[in-house]
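The structure appears right after this line, and notes come after that.
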Amino acid sequence: MSLFMRGALSFALAVLVSPSFVAGAERWKVLFDGKSTDAWRGYNRDAFPAGVWVVEGGALKTVPGAKDPVDIITKDKYKDFELELEWKISTGGNSGIIYRVAELPAPSQTYQTGPEMQVLDDDEHKDGKDPRTSAGALYALIAATNKTLKPVGEWNKARIVVKGGQVEHWLNGAKVVGYEWGSAELKDLIAASKFKEWPRFATEAEGHIALQYHGDAVWYRNVRIRKL
């Protein structure tokens, strides 16, 4: 085998075993490039909620104490997708990445339809004491395992993959949650949780990606997505 062929084969194998490789994926779409908020708007709102979320230092940042708080959602909806971003949190802070979100009549919230990958300061927030509500978890349903969490003020890399009914949460290069959308096991967990009050929770075939405003300072950057 020629040197060229060996190099090509090595590259192909590297791509296949890479955690970023997903068969059938489209090209990446940048949702936030450090400057533009054009891909986002407020939940149940037409415009981006300036004053609640701002661009600071190349990141999307919440404004603690904002008078009219709201989560932001992508303008587009996604069915099967791969989402990548980085986040960092303030001391004792709480936020989340919520997916397959539907907009319901007011008053409603993103988490009434979309499952959440938790974003949290595990050390200082009370939710960090429960693995099911700690950073990386499928919030209040499935604990994050095998995770490495960066300290407050440092960037964590998150990845969510939804494909063919299989859902994965990745945190700092490790898969920390895996489950099957619509499975009997998931339905049982929901039935035993507060989410049972919302009949459309985790039932949408497609929906928006949401970044949660929880009153604390949180930063997001390098946000990109591709349809699968």
key: Number of positions in the stretch 208-222 that are within 15 Å of M117 (Cα to Cα) and either surrounded by fewer than 20 Cβ atoms within 10 Å (Cβ to Cβ) or not aromatic (F, W, Y) (or both)   = 7
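How many residues does the stretch 61-106 contain that are of a type in the set (D, E, K, R) and closer than 18 Å to G34 by Cα?
5
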inquiry  = Let me spell it out: the conditions are (1) of a type in the set (V, I, T); (2) in contact (Cβ under 8 Å) with a residue 60 or more places away in the chain; (3) part of a loop (DSSP other than H, G, I, E, B), and I209 meets all of them except one. Which number is the exception?
reply    = (3)
key: Hits in the stretch 153-192 (condition: among the aromatic types (F, W, Y) and either open to solvent by 60 Å² or more (accessible area, probe 1.4 Å) or closer than 29 Å to G57 by Cα (or both))   = W155, W170
inquiry  = Step by step: first the residues of the stretch 113-152, then only those that are of a type in the set (D, E) and over 18 Å from W219 (Cβ atoms), then the one that is surrounded by the most Cβ atoms within 10 Å (Cβ to Cβ). Which residue is that?
reply    = D127
task = Taking the options V177, V152, V161, V223, name whichever one is in contact (Cβ under 8 Å) with a residue 60 or more places away in the chain and over 16 Å from the mean Cα position of the chain (by Cα).
result = V152
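The values are calculated or read from the model by the stated rules, or taken from the named source; none is laboratory data. Note that the coordinates shown come from a computational prediction; the quantities given were computed from them, not determined experimentally. Neighbour counts are summed over all protein chains in view; Cβ atoms, including those assigned to glycine, are modelled from backbone coordinates with ideal geometry. Ligands, DNA and RNA are excluded from the accessible area calculation, which covers all protein heavy atoms including side chains. Shrake-Rupley method; radii C 1.70, N 1.55, O 1.52, S 1.80 Å.
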